[in-house]
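Have a look at the structure below before the remarks.
The values are calculated or read from the model by the stated rules, or taken from the named source; none is laboratory data. Here the structure is a predicted model, which means the values were calculated and not measured. Here the Cβ positions follow ideal geometry from the backbone for every residue, glycine too, while neighbour counts run over all protein chains shown. Accessible surface is based on the protein model in full, side chains and every heavy atom, while ligands, DNA and RNA are left aside. Shrake-Rupley method; radii C 1.70, N 1.55, O 1.52, S 1.80 Å.
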Amino acid sequence: MAAGLASLLIQRRADARFRENDTLLRQQDNRLAELTTENKRLSNLVVQTKTNRAMTPDDRTAELAQWRGNVGGHPERTHQLAKQLMENRRLAGAQFFLNGDFDLLEYNRESAITFAGGPRATGKLNDARALTAALRRYADEHQGEFPLSLDHIAHYLPKALEADSPEWANAPLTGTNDFEVVYEGSQNDLTNIPPRRVALIRERQPWLTPDGKWARVYGYADGAASTVESDDNFQSWEAQHIVPARAAGP
């Protein structure tokens, strides 16, 4: 009798170990399948970004011109083109951060940059960073929607600095620089695009540097601001950093 019970217990334990091993193997198989799917997706992304990389600045400018030419009178067609451009920006963003973008580097140079939360900037860069921070705060309090003009963000602009203000705090606007909104839409529309790929504002007018280069200051969706020097009238830069309005909405 005792021997029979012992044999039964041994068999049950063996069955339990078998079930545990079977479950573990199934989990490993599922994980392997997920990794295979992800590898295929990344491979397809590499192919797509290489195709995107072959585009010249003129190609990107023509792409924007095509979208703008379809705005009037064809809302459905406009929405389709905007969605396509949004996807192109997403792929271009992946390309920029993974492989570099030689078109941008060939025709443009960021001569100065300041990041949200970094040391306080001065002049144009301070103004751009302060305006960008105000735009982001406005969007946070308005269901993710950015305002259509800078007139709506006066409440969110930085106040006068105090003696104990942290080093990263933005200073009040100098009042000498003129910026305009270049992104109209929602934070939700930018889910799949690197925020440094999306300009929220830019200076209305470019200016000449001491080296004879045309320059312009931009503020981005991640809170950064930079001075961009361009050899192609900012065409390639803006083709990669200005997103069509309402690209993800009807």
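Values as computed for the structure displayed
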| read-out | value |
| --- | --- |
| Exposure of Ile193 as accessible area (Å², to 10), given a probe of 1.4 Å and all protein chains | 10 Å² |
| Probe 1.4 Å - accessible area at Asp231, Å² to nearest ten | 90 Å² |
| With DNA, RNA and ligands ignored, accessible area of Tyr156 (1.4 Å probe; Å², nearest 10) | 20 Å² |
| Local electrostatic count at Pro119 - Lys and Arg +1, Asp and Glu -1, tallied over other residues with Cβ under 15 Å | +1 |
| The stretch 183-249 - charge dipole about Cα centre, Lys and Arg +1 at Cβ, Asp and Glu -1, debye rounded to 20 | 160 debye |
| Environment charge at Arg136 (Cβ cut-off 11 Å; Lys +1, Arg +1, Asp -1, Glu -1) | -1 |
| Charge sum, other residues only, whose C-beta stays under 9 Å from Lys213's C-beta, Lys/Arg counted +1 and Asp/Glu -1 | -2 |
| Amide H partners (placed H, <5 Å) of Phe179, local residues excluded | Arg204 |
| Anisotropy class of the stretch 97-250 from Cα gyration tensor, a/c 1.5 cut | oblate |
| Whole-Hz ³J(HN,Hα) from phi, Karplus 6.51 cos²θ - 1.76 cosθ + 1.60, for the stretch 223-232, glycine and proline x | x, 7, 9, 8, 9, 10, 9, 10, 9, 10 |
